[in-house]
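J.: Before I ask anything, let me first share the structure, which is written out below as structure tokens.
The values are calculated or read from the model by the stated rules, or taken from the named source; none is laboratory data. Quantities reported herein were computed from a predicted structural model and do not represent experimental measurements. Note that each Cβ is placed from the backbone with ideal geometry, even for glycine, and that neighbours are counted across all protein chains shown.
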Amino acid sequence: MGLISGLLGFLFGGGRNVIRETAEVFRENADQGAERSAALRSAAMAQFGTEFQNPAKGGFDRFMDGLNRLPRPALALGTLGLFLAAMFDPLWFAARMQGIALVPEPLWWLLGIIVSFYFGARHQIKAQEFQREIGATALRVPEVIANLEMIHELRDDSPGVADTGPDAALAEVVGRAESNPALEDWRRLRKT
């Protein structure tokens, strides 16, 4: 009995467990691993919590927080503003869109990339022939200038906007009185 007692005292005596210590060399102790994991999660949550508990933010931090909230509403309200501008002053809107027609294609790609990355979408731009697009854009300049001149002539405050020019048929049509039953009824009611 002394031999077995001595062997068990050697393996498990003195607050040691040689079998457990040997096994932990090859496999993690699940209880201690869970304790370490819980301590790690608790420390991470405490760190994240302190990030949002700083009530004494400086002016620069508040400015940057506000600035980071602007792009989405600005894009949405800007798009709605374009629709309103097109309804209220179509000629002004058309003139601005002619200017946008001169923006080179690679600049549109750059804007698309910036907006896409800002909103989380990730895509890779394909290689494009930059010089070809610049040349194609430059070829559209005379057309855009002609369109702007036509738009300017259509404004109601342009001199001679109602001039029929040398077109005799148009002058005859413009000079001919149209029948307007509502106006005739109104005139008849006023006379009585």
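J.: Restricting the search to region 151-186, which residues are in a helix (DSSP H, G or I), loosely packed, with under 10 Cβ neighbours inside 10 Å and modelled with pLDDT of 75 or more?
T.: A168, A169, P181, A182
J.: Farther than 27 Å from M150 by Cα and either in contact with a Leu (Cβ under 6 Å, 6 or more places away or on another chain) or modelled with pLDDT under 80 (or both): does that describe F60?
T.: For F60, the condition - farther than 27 Å from M150 by Cα and either in contact with a Leu (Cβ under 6 Å, 6 or more places away or on another chain) or modelled with pLDDT under 80 (or both) - is not met.
J.: Sticking with this structure for a sec: With D65, D61 as the choices, which residue is within 22 Å of the chain's Cα centre (by Cα), acidic (D, E), more than 30 Å from E153 (Cβ to Cβ) and outside the structural domain of I114 (by TED's automatic domain parsing)?
T.: Going through D65, D61 in turn, just one is within 22 Å of the chain's Cα centre (by Cα), acidic (D, E), more than 30 Å from E153 (Cβ to Cβ) and outside the structural domain of I114 (by TED's automatic domain parsing): D65.
J.: Got a sec? Which of V103, V115 is exposed (fewer than 12 other Cβ atoms within 10 Å of the Cβ) and of a type in the set (A, V, I, L, M, F, W, C)?
T.: The conditions single out V103.
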